[in-house]
Amino acid sequence: MTTWTPDIAQRRGPRYIAIAEAISDAVATGDLAPGTRMPTHRDLATRLGVTVGTVTRAYAEAIRRDLITGEVGRGTFVRTSPMNFTPLSTRQDDAQPDVFDFAVNLPAQGIAADRLRDTLPRMAAEVSPDALVGYPTDADLELARRSLAGFAESLGAPFAPDRLIVNNGAQNGMLAALLTLCRAGDTVLCDELTYPGMKNLARLLGVRLHGLAMDDHGMTVEALEHAILHHAPRAVYIVPNFQNPTGTVWPRDRREALARLATRHGIWIVEDDVFGFLAEDTERLAPLAALCPDRTIYLNSAAKCMGPGLRVGFMIGPAELLPALSAGIRLSTMTPAPLTLSVTVRWIEEGTARESCRWHRAEARVRRNLALKALDGYNVYGDAGSYHLWLALPEPWRSDEFTRAARHRGIIVSASDHFVLGRRAAPPAVRLGLGGSKSRARIEDGLTRLADMLRAGPVTTFSSIF
């Protein structure tokens with residue numbers, strides 16, 4: 001437990017707010033490192049000369065700001081991942097040979113860079129530069145809608161160019177979906193372990209996320225039906241293909257059950273299918289957009305399957321929502337960039353998109369098999385084709401301490417705390433992203449080092465508290 005004692009003498013406002021602000025500053029500067037155990041309420045109250053109630057209110061405020069978390073029977077700890085928006089990193093282990101980065105959840109670098117070297121000179125010769133530095137025309141967007149609708153159809157979604165909106169990636173579509181469906185205070189259901197981008201977005205918009213119990217295939221139908229009946233949700237957010245962070249795929253019967261529940265109870269579905277392209281054509285299951293088109297907003301993107309720098313995505317929605325969804329896109333990002341939109345459309349029309357999808361399906365399976373071999377004997381979850389896996393840690397590892405210990409050995413992983421909602425205890429697990437390096441050999445080396453660390457167990461330390 002830390003002996004951290006803030007100086008609040010010069011801070012204005014109520015004492016509990018002053019303490020909460022001091023916690024925020026200390027987390028930002030690193031004086032309170034992730035995982036640090038905070039002083040007890042009574043101890044900090046004594047040192048600051050305030051009441052225990054004041055510290056209790058201060059800790060409650062810090063929890064509300066997502067700075068710390070309380071765990072029954074253990075105490076209060078600095079969160080491993082308070083909400084922040086750090087710059088998106090590149091593949092760190094390619095830039096730093098001593099670092100193995102399994103935290104970044106990107107696909108491997110496939111054929112995109114080589115194809116771009118061929119595409120850009122042809123575009124420069126065939127397309128007016130004025131068209132690429134201005135706003136896209138209505139004709140440009142109509143062509144893009146038809147191309148992207150065809151791409152969506154190849155993934156099982158309905159071919160619906162008249163219901164498709166081009167945007168700047170799935171995160172942009174997610175923002176438009178929540179702006180359209182929700183107001184501050186509304187509830188959206190999701191998996192109890194969910195995508196951090198949705199967590200941050202919901203928090204910014206004042207939308208309450210309610211996590212549902214999961215089994216080996218994602219949220220359970222029983223938990224979903226109970227939550228619909230007792231929490232009056234506006235929508236449910238799902239990632240049915242290679243769920244983030246667990247890598248699981250929803251079976252057909254679960255998809256059909258959700259479609260029936262959404263229709264019966266009149267709730268909306270926000271379906272995030274950015275990983276859907278990783279399913280083999282013979283194994284691909286129908287998305288909710290095909291099973292329940294009148295209640296589903298379908299999100300997808302060229303980022304994962306072609307290249308994250310393209311920042312071109314799309315959403316397919318019910319006709320009644322299209323004006324509001326379109327307004328959300330225009331208000332947030334106006335239009336897609338014509339240059340990257342043009343590249344994306346060309347790649348779809350010329351077959352490069354299909355070729356890239358095939359490459360990634362094969363590569364993801366190879367890397368997953370490398371991981372399963374290196375981590376043989378441990379509980380690793382993630383369906384065939386997933387670029388990320390969920391590693392359940394053996395006793396006595398906790399997620400935060402394992403993440404810190406791994407970083408000391410040059411291995412970066414994503415602690416489960418990133419994916420947990422609210423004050424729930426983080427499970428002893430980490431997510432492993434397998435696309436962070438160009439080299440399979442480096443992936444294998446990093447996983448071998450990770451397995452050695454698991455076998456060795458945590459370093460024993462002795463507490464000074466008796």
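The values are calculated or read from the model by the stated rules, or taken from the named source; none is laboratory data. Just so you know, these numbers come straight off a predicted model, no measurement behind them. Every residue, glycine as well, gets a Cβ built from its backbone with ideal geometry; the counts of neighbours run over all protein chains shown.
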Checklist (1) within 30 Å of Ala429 (Cβ to Cβ); (2) at pLDDT below 90; (3) part of a loop (DSSP other than H, G, I, E, B) applied to Ala108, failing item: (2)
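Among the candidates Val55, Val99, single out the residue that is closer than 18 Å to Ile412 by Cβ, buried (at least 17 other Cβ atoms within 10 Å of the Cβ) and either at pLDDT below 80 or hydrophobic (A, V, I, L, M, F, W, C) (or both). Spell out how you get there, then give the answer.
Numbers: Val55 fails: closer than 18 Å to Ile412 by Cβ.
None of the others qualify; the one that does is Val99.
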Determine if the stretch 346-361 includes at least one residue that is within 23 Å of Ile412 (Cβ to Cβ), in contact with a helix residue (DSSP H, G or I) (Cβ under 8 Å, 6 or more places away or on another chain) and either crowded, with 20+ Cβ neighbours inside 10 Å or of a type outside the set (Phe, Trp, Tyr) (or both). yes
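Yes or no: Ala124 free of Cβ contacts under 8 Å to residues at least 40 places away in the same chain and not charged (D, E, K, R)?
Details: free of Cβ contacts under 8 Å to residues at least 40 places away in the same chain: yes; not charged (D, E, K, R): yes.
When the stated conditions are applied, Ala124 passes them.
Can you go through Gly173, Gly169, Gly150 and tell me which one is closer than 23 Å to Ser301 by Cα, surrounded by fewer than 22 Cβ atoms within 10 Å (Cβ to Cβ) and either of a type outside the set (Gly, Ala, Ser) or touching a helix residue (DSSP H, G or I) at 6+ places or on another chain (Cβ under 9 Å) (or both)? It would help to see each step written out before you state the result.
Details: Gly173 fails: surrounded by fewer than 22 Cβ atoms within 10 Å (Cβ to Cβ); Gly169 fails: surrounded by fewer than 22 Cβ atoms within 10 Å (Cβ to Cβ).
Unique residue meeting the criteria: Gly150.
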If only one of Thr263, Thr282 is in the same structural domain as Ala319 (by TED's automatic domain parsing), among the hydroxyl-bearing types (Ser, Thr, Tyr) and at pLDDT 95 or above, which one is it? Thr263
Would you mind finding the one in Asp94, Asp114 that is surrounded by fewer than 17 Cβ atoms within 10 Å (Cβ to Cβ), modelled with pLDDT under 85 and acidic (Asp, Glu)? Asp94
Kindly indicate whether any position in the stretch 210-218 is out of contact with any strand residue (DSSP E or B) (no Cβ under 6 Å at 6 or more places or on another chain), modelled with pLDDT of 95 or more and either within 17 Å of Leu299 (Cα to Cα) or among the hydrophobic types (A, V, I, L, M, F, W, C) (or both). yes
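Identify, from the list Gly317, Gly307, Gly328, Gly351, the residue that is small (Gly, Ala, Ser) and free of Cβ contacts under 8 Å to residues at least 12 places away in the same chain. Spell out how you get there, then give the answer.
Values: Gly317 fails: free of Cβ contacts under 8 Å to residues at least 12 places away in the same chain; Gly307 fails: free of Cβ contacts under 8 Å to residues at least 12 places away in the same chain; Gly328 fails: free of Cβ contacts under 8 Å to residues at least 12 places away in the same chain.
Every option except Gly351 fails the conditions.
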